[in-house]
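Reviewing the structure listed below.
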Amino acid sequence: MLTCFRGNREEFYGEVLLLDERKITLTGNQGLKKSSRAAAILDQVFSLLQVEEVEFFGLRFCDDKQQMHWLDPSRTIYQHRELIGPPYIFYFGVKFYVEDPSKLKEETTRFQFYLQVCQDVRRGRLPCPAYLKPRLFALMLQGEKKMIDYL
């Protein structure tokens with residue numbers, strides 16, 4: 001049998017789609033394996049995004065029935081039976097909202113919340129009365145321009 005075509009059963013290759021529509025590629029070269037705890041993937045994403053208030057965020061993935069699931073940081077990749085891959089596709093997002101966003105300590109956290117709300121409004125997941133949409137979209141565009149100027 002040609003072993004070169006079997007692949008490594010421990011090999012990990014995944015992509016994380018971020019709220020700003022960028023993509024992060026994660027591989028075994030970064031120390032990740034299928035037997036790694038999902039927390040290791042989250043840690044890498046949090047580090048790359050410089051997110052410190054990690055308790056509000058998570059990674060979702062889609063199963064073969066198109067149902068979304070949150071990645072459980074306490075389980076290994078193997079233990080997420082619904083996970084399809086490789087490549088594994090994850091979606092970074094807000095898992096828990098705070099009642100008052102002004103109480104968030106980090107600007108990075110507030111920015112990720114902003115991106116999530118913008119995405120949810122644009123995709124219709126967050127209801128918005130029709131008369132408010134033009135004003136809201138204008139504010140979102142102004143916010144994006146300010147962010148670009150800031151960066």
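Observations on the structure shown:
- Neighbours of residue 106, meaning other residues whose beta-carbon lies under 9 angstrom from its beta-carbon, give a summed charge of -1 when Lys and Arg score +1 and Asp and Glu score -1.
- Signed unit charges on C-beta, dipole axis of the stretch 13-94, positive-most listed residue 17, 69, 84: 84
- Three semi-axes describe the equivalent ellipsoid of the stretch 13-94; taken as square roots of 5 times the Cα gyration tensor eigenvalues and ordered largest first, they are 17, 15, 13 Å.
- Phi angles across the stretch 63-77 convert, under the Karplus curve 6.51 cos²θ - 1.76 cosθ + 1.60 with θ = phi - 60°, into 3J(HN,Hα) values of 8, 5, 9, 6, 9, 8, 9, 7, 6, 8, x, 7, 9, 7, 4 Hz, Gly and Pro given as x.
- Computed E for residue 99/residue 53 - FRET, C-beta separation, R0 22 angstrom, nearest 0.05: 0.90
- Distance (nanometres) between label positions extended 7 Å along Cα→Cβ at residue 140 and residue 21: 1.1 nm
- Based on alpha carbons, the Rg and Dmax found for the stretch 36-142 are 15.9, 48 Å.
- Legend: translational diffusion of the stretch 76-119 by Stokes-Einstein, Rh = Kirkwood radius over C-alpha pairs, 25 °C, 0.890 mPa s; D = 192 µm²/s.
- Sparse-neighbour loop sites [chymotrypsin sites (Phe, Trp or Tyr not before Pro); the stretch 52-83; at most 16 other C-beta within 10 Å; DSSP]: 78
- Loop-resident sites, the stretch 61-138, for GluC sites (Glu not before Pro), counting at most 16 other Cβ within 10 Å (DSSP): 82, 99, 106
- Inter-label distance, residue 39 to residue 67: 2.7 nm, where each label sits 7 Å from its Cα along the C-beta direction.
- Extension gain from residue 106 to residue 84, taking 0.36 nm per residue of separation minus the Cα-Cα distance: 4.6 nm
- Accessible area ranking (1.4 Å probe, heavy atoms, ligands and nucleic acids excluded), largest first, for 33, 103, 95: 103, 33, 95.
- The stretch 44-151, relative contact order [Cα under 8 Å, separation at least 6], %: 23 percent
The values are calculated or read from the model by the stated rules, or taken from the named source; none is laboratory data. Being a predicted model, the structure only gives us computed values, none of them experimental. Cβ coordinates were reconstructed from backbone atoms using ideal geometry, including for glycine residues, and neighbour counts include every protein chain displayed. Only protein heavy atoms, including side chains, enter the accessible area calculation; ligands, DNA and RNA are left aside. Shrake-Rupley method; radii C 1.70, N 1.55, O 1.52, S 1.80 Å.
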